[in-house]
Amino acid sequence: MSDVGFGIIGCGAIAPIHAESISKIKGARLVAVADVVERNAQSLADKYAAAAYTDYREMLARKDVHAVGLCVPSGMRAEIGEVCAAAGKHILAEKPLEVTTERIDRLIAAAGKAGVKLSCVYQSRFSDGALSIRKALDEGRFGKLVLGDAYIKWFRTQEYYNSGSWRGTRKLDGGGCLMNQGIHQIDLLLWFFGDVEQVYAQTRLVAHEHLEVEDLACAMLKFKSGALGVIEGSTAIWPGHSARIEVHGAEGGAVLEDGKLRFWRFKQETAEDKEIQEHLNDESILGSGAGDPLSNLRSDGHRLQITDFVEAIRLNRPPAIDGREGRRAVELIEAIYRSAASGAPVVFA
Ligand SMILES: NC(=O)c1ccc[n+]([C@@H]2O[C@H](COP(=O)([O-])OP(=O)(O)OC[C@H]3O[C@@H](n4cnc5c(N)ncnc54)[C@H](O)[C@@H]3O)[C@@H](O)[C@H]2O)c1
């Protein structure tokens, strides 16, 4: 197969990260971009010598576009994704995969019917720190898992929410500090601890105006494994802190901050542990979205995930993060919202 040709649909804030990542991957090429706002499409296209479209359907007619990056507002991916799948294009969808599990199921069904790959961008899974934790879990090094926590104490200005009419709306953002910002850490927590059996949550809107969604949320979790955990998310905490995941087991523990390990201890130590421990306090971090959505976002995570996606297309294997994996965090966040609305715990079947 020649290069995997990419088209990007939606040329706003996150699209340049896709374009930059694709440009760094051998065997991938950015062919075209589309946005309903012509200048958004044109400026991204100019930078990467790609073709610009204002109607994504015209872009999909190109035979040299094999895959699309879906970078439109979150609640637009089901309909657009269905058209992409029907056109035979593989789909790399930004997070959240869609704003409800019902709409995600439409996307999964459309991709399955058309026989195209569907992947959801959770670039945080590709950091060295997250991969080290996953490996130690696979090796059983934490012992029985006891407690798993995700803290996303971030800050977003009112101007951020005002910068796009879709932001902070139930229909297109799907939720607030959990569905938009916290979802990466929630995905990591589920990746590390497995499925949740029960959740009890409260959410609030405390510091922003005209939002239909929460900017503060606390949830208490009981995992199916028996471990407990909490999720604390916000976009109202100034100036914003690093996103943090804590993994505590009976025989080991780890703390991950913005993809960087900050704590790493096991009862049974290995030589590799010593090496990790020497770098725990390095100042360099992968890039935090703590106070500003994109100023620090680097393309490393996207590049690694898109590399996997390209390989999945070439080898005709599932991508590392497929539609079902993309669905899990949204399912939990939906349950958190249901619990907050009813005041009662939500129990998963
Ligand atoms: N992985 C990450 O860390 C990360 C970071 C930021 C954003 N995102 C996700 O990326 C998505 C986009 O976010 P953003 O901040 O770039 O939003 P944005 O508002 O900056 O960009 C969205 C773009 O889509 C365009 N658009 C809208 N409808 C369209 C249509 N029908 N056809 C073509 N283009 C259309 C808009 O004109 C706009 O340029 C969101 O789902 C968000 O959750 C992910």
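The values are calculated or read from the model by the stated rules, or taken from the named source; none is laboratory data. Being a predicted model, the structure only gives us computed values, none of them experimental. So basically every Cβ, Gly included, is an ideal-geometry build from the backbone, and we count neighbours across all protein chains shown.
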With a cut-off of at least 3 residues that are closer than 26 Å to Leu137 by Cα and hydrophobic (A, V, I, L, M, F, W, C), name the helices (runs of 4 or more DSSP H) lying wholly within the range 237-349. 300-315, 323-342
Applying the selection to the range 61-83, what residues are more than 11 Å from the ligand (Cβ to nearest atom), within 24 Å of Gly112 (Cβ to Cβ) and touching a residue at least 40 places away in the same chain (Cβ under 8 Å)? Arg62, Val65, His66, Ala67
Tell me, which residue of the range 162-218 that is within 16 Å of the ligand (Cβ to nearest atom) and β-branched (Val, Ile, Thr) is nearest to Ala340 (Cα to Cα)? Val213
So, of the residues in the range 289-324 that are more than 16 Å from the ligand (Cβ to nearest atom) and under 15 Å from the mean Cα position of the chain (by Cα), which turns out to be surrounded by the fewest Cβ atoms within 10 Å (Cβ to Cβ)? Arg324
Among the residues in the range 56-69, are any β-branched (Val, Ile, Thr) and within 23 Å of Asn316 (Cα to Cα)? yes
Given Gly75, Gly112, Gly10, which one is closer than 25 Å to Asp300 by Cα and either surrounded by fewer than 20 Cβ atoms within 10 Å (Cβ to Cβ) or out of contact with any Phe, Trp or Tyr (no Cβ under 6 Å at 6 or more places or on another chain) (or both)? Gly10
Would you check if there is a residue in the range 123-142 being more than 23 Å from Trp191 (Cα to Cα), β-branched (Val, Ile, Thr) and not assigned by TED's automatic domain parsing to the domain that holds Asp64? no
